[in-house]
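**Student:** The structure that follows is given in the form of structure tokens.
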Amino acid sequence: MTSTQTNKVLTIFAPAKINLYLHVTGRLDNGYHSLDSMVAFSDVGDEVRIEPALMDFTFNVQGPYGGGFSPKEIDASPNSSNLVVRAVWALSQAAQKVPKVKVTLTKNLPLASGMGGGSSDAAAVLWGLCEYWGISRQSAYLPALMATLGADVPVCLNCEPARLRGIGDIFDPVPPMPEIPVVLVHPGKACPTAQVFSRYSGDFHDPGPLPETLDNVAELAAFLQQKDNDLYDAARKIVPDIENAQRVIDAQGGCRLARMSGSGATCFGLFESEKQARDAAGTIAFENPDWWVKPGWLNRPERY
């Protein structure tokens with residue numbers, strides 16, 4: 001392996017991935033479910049900092065949700081169960097680089113929240129290390145490397161609205177979308193993905209066509225009203241407050257659509273204006289002080 005000494009310090013944003021709709025289309029022989037989903041990325045998310053290390057690779061977690069990790073999830077060795085750490089070791093091996101870096105993850109998103117946090121964090125560190133080590137993000141080995149980390153990692157690296165198929169590992173472009181005010185609400189209880197899928201007992205959907213244009217929030221909301229999140233019923237059996245969170249968002253002025261993201265427990269609302277989103281977030285947070293509530297924008301993530 002080669003050692004590339006650099007004094008760069010990079011701070012990379014890891015945006016929340018929001019499933020605007022999510023349909024289950026089948027069950028595979030390996031037990032996984034196949035999906036049809038449209039995702040977009042928010043300007044609310046985690047942060048990954050990469051800087052030189054004096055000796056070996058080190059990993060630190062901080063932030064509001066930094067204390068929720070198990071010892072194995074903060075382990076910096078190749079045996080770590082943290083996707084960020086696994087991504088560092090995988091890329092260093094594939095690119096033949098010595099990982100003399102210190103990586104700090106600032107965990108702002110709740111854990112097990114249906115916003116793709118772990119995958120987005122892993123994608124952010126891959127994005128940053130490619131910059132740090134001068135590696136092309138079109139390197140031939142990256143797709144297979146990301147596949148070992150998780151199905152959502154490639155779309156999170158791309159960080160653009162997309163339609164997901166398969167187990168989430170196949171993604172296609174969608175019609176251009178504008179920046180849309182959004183409110184994200186998490187009722188404070190984890191909703192583990194595996195438990196949600198194990199409880200899913202609904203029908204399978206056939207993927208339908210996408211509209212030709214999604215030029216504004218009204219068009220997007222009208223299209224999404226024809227869709228759903230098939231995991232909603234299973235998730236609310238695990239976290240009943242999901243139903244309340246979605247109802248509270250929907251009751252706010254200017255909300256065009258309220259829905260659960262991913263496997264939960266985060267719910268989101270699409271709003272007409274930034275002011276309405278901020279007012280709604282303030283009202284929801286005041287009335288539910290134990291919930292995590294953030295206003296923001298869809299389709300406005302920036303890596304730096």
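A short reminder: the numbers here are calculations on the coordinates, not readings from a lab. Note that this is a predicted model, so its numbers are computed, not measured. Quick reminder, even Gly has a Cβ in these numbers, built from the backbone with ideal geometry, and neighbours come from all protein chains shown.
**Student:** If amide hydrogens are placed 1.01 Å from N in the peptide plane, which non-local residues have theirs closer than 5 Å to the one on Trp297?
**Tutor:** Residues meeting the criterion, in which the H sits 1.01 Å from N, are Asp43, Val44, Val182.
**Student:** Right, next: With +1 on each Lys and Arg Cβ and -1 on each Asp and Glu Cβ, and nothing else charged, work out how big the dipole of the chain is about its Cα centre, in Debye to the nearest 20.
**Tutor:** 780 debye
**Student:** Ok, one more. What net charge do the residues around Pro110 carry, taking every other residue with its C-beta under 11 Å from that of Pro110, with Lys and Arg at +1 and Asp and Glu at -1?
**Tutor:** Net local charge, Pro110 excluded: +2.
**Student:** Residue-wise, which Karplus ³J(HN,Hα) couplings in Hz belong to the stretch 82-93, taking 6.51 cos²θ - 1.76 cosθ + 1.60, θ = phi - 60°, and x for glycine or proline?
**Tutor:** So the Karplus estimates, Gly and Pro as x, are 7, 5, 5, 5, 4, 5, 4, 5, 5, 5, 4, 6 Hz.
**Student:** Taking neighbour counts of Cβ atoms within 10 Å as a proxy for exposure, in what order, fewest first, do Ile18, Ile167 appear?
**Tutor:** Ordered from fewest to most neighbouring Cβ atoms within 10 Å, Ile18, Ile167 come out as Ile167, Ile18.
**Student:** Also, I was wondering about something else. Give the shape of the stretch 10-173 as rounded, prolate or oblate, defined through the alpha-carbon gyration tensor: a ≥ b ≥ c are the square roots of its eigenvalues, a/c under 1.5 means rounded, and otherwise the shape is prolate if a/b is larger than b/c and oblate if not.
**Tutor:** Since a/c reaches 1.5 and a/b is larger than b/c, the shape of the stretch 10-173 is classed as prolate.
**Student:** At 0.36 nm per residue, minus the direct Cα-Cα distance, what do Asp203 and Lys237 gain on full extension? Give it in nm, one decimal, please.
**Tutor:** That pair, Asp203 and Lys237, stretches by 10.5 nm at full extension.
**Student:** Okay, moving on. Just for the chain, what percent of DSSP beta bridges are antiparallel, to the closest 5?
**Tutor:** Of the beta bridges lying entirely in the chain, close to 85 percent run antiparallel.
**Student:** Tally Lys and Arg at +1 and Asp and Glu at -1 over the other residues with C-beta under 12 Å from the C-beta of Ile170: what net charge comes out?
**Tutor:** Result for the local shell: -2.
**Student:** Sticking with this one: If you stretched the chain out fully between Trp89 and Phe69, how much longer would it get, using 0.36 nm times the residue separation minus the C-alpha to C-alpha distance?
**Tutor:** Residue separation times 0.36 nm, minus the Cα-Cα distance, leaves 5.3 nm.
**Student:** Here is a follow-up. Label 7 Å along Cα→Cβ of Phe286; the stretch 212-245 residues with amide nitrogen under 20 Å?
**Tutor:** Taking a point 7 Å out along Cα→Cβ of Phe286, the residues of the stretch 212-245 whose backbone N falls under 20 Å are 245.
**Student:** Which FRET efficiency value, to the nearest 0.05, is calculated for Ser77 and Gln226 with the Förster distance at 30 angstrom and r the Cβ-Cβ distance?
**Tutor:** Approximately 0.05, to the nearest 0.05.
**Student:** With angles folded into 0 to 90 degrees, how steeply does helix 117-133 sit against the dominant principal axis of the chain? Use alpha carbons for both and round to 10.
**Tutor:** Rounded to the nearest ten degrees, it is 40.
**Student:** Would you calculate a helix-derived [θ] at 222 nm for the chain, using -39,500 (n - 2.57) for each DSSP H run of n ≥ 4 and dividing by the full residue count, to the nearest 500?
**Tutor:** Taken over the chain, the calculation gives -8500 deg cm²/dmol.
**Student:** Report ³J(HN,Hα) in whole Hz for each residue of the stretch 267-280, in order, from the Karplus equation J = 6.51 cos²θ - 1.76 cosθ + 1.60 where θ = phi - 60°; Gly and Pro get x.
**Tutor:** Result, rounded to whole Hz: 10, 9, x, 9, 10, 5, 9, 4, 4, 4, 5, 5, 5, 4.
**Student:** Apply the a/c threshold of 1.5 to the C-alpha gyration tensor of the chain and tell me whether it is rounded, prolate or oblate.
**Tutor:** Note, shape of the chain comes out prolate.
**Student:** Also: Going 7 Å from the Cα of Val98 in the Cα-to-Cβ direction, what parts of the stretch 20-60 have a backbone nitrogen less than 12 Å from that spot?
**Tutor:** 53-57
**Student:** Which order do the peptides 108-118, 242-252, 58-68 come out in when sorted by mean C-beta neighbours inside 10 angstrom, highest first?
**Tutor:** The densest-packed peptide leads the list: 108-118, 242-252, 58-68.
**Student:** Another one. For every other residue with a beta carbon closer than 15 angstrom to the beta carbon of Glu179, add +1 if it is Lys or Arg and -1 if Asp or Glu, then tell me the sum.
**Tutor:** -3
**Student:** Within the stretch 101-130, which residues have the backbone N less than 17 Å from the label spot 7 Å out from Tyr141 along Cα→beta-carbon, could you tell me?
**Tutor:** Flagged as within label range: 126-130.
**Student:** A further question follows. So how strong a dipole does the stretch 180-298 carry about its Cα centre when Lys and Arg Cβ are +1 and Asp and Glu Cβ are -1, to the nearest 20 debye?
**Tutor:** With Lys and Arg at +1 and Asp and Glu at -1, about 400 debye.
**Student:** Something else now. How large is ³J(HN,Hα), in whole Hz, for each residue of the stretch 64-79 in order, when computed from phi with the Karplus curve 6.51 cos²θ - 1.76 cosθ + 1.60 and θ = phi - 60°, using x for Gly and Pro?
**Tutor:** Each residue's phi maps through the Karplus curve to give x, 10, x, x, x, 8, 7, x, 5, 7, 10, 5, 8, 7, x, 8 Hz.
**Student:** Starting from the amide H of Asn229, placed 1.01 Å from N in the peptide plane, find each other amide H under 5 Å away whose residue is 5 or more places distant or on another chain.
**Tutor:** Leu22
**Student:** Mind ranking 254-264, 154-164 by how tightly packed they are, going by the mean number of other C-beta atoms within 10 angstrom, highest first?
**Tutor:** 254-264, 154-164
**Student:** Return the subset of Lys102/Lys189; Lys100/Lys189; Lys17/Lys227; Lys72/Lys97; Lys107/Lys227; Lys237/Lys294 for which the Cα-Cα distance in this structure is over 26 Å, preserving the input order.
**Tutor:** Lys102/Lys189; Lys100/Lys189; Lys107/Lys227
**Student:** Amide H neighbours of Thr25 under 5 Å, counting only residues 5+ apart in sequence or on other chains, H built in-plane at 1.01 Å?
**Tutor:** Counting only residues 5 or more places away or on other chains, the set is Ser34, Leu35, Asp36, His205.
**Student:** Report, for the stretch 10-173, the % of DSSP beta bridges that are antiparallel, rounded to 5.
**Tutor:** Of the beta bridges lying entirely in the stretch 10-173, close to 85 percent run antiparallel.
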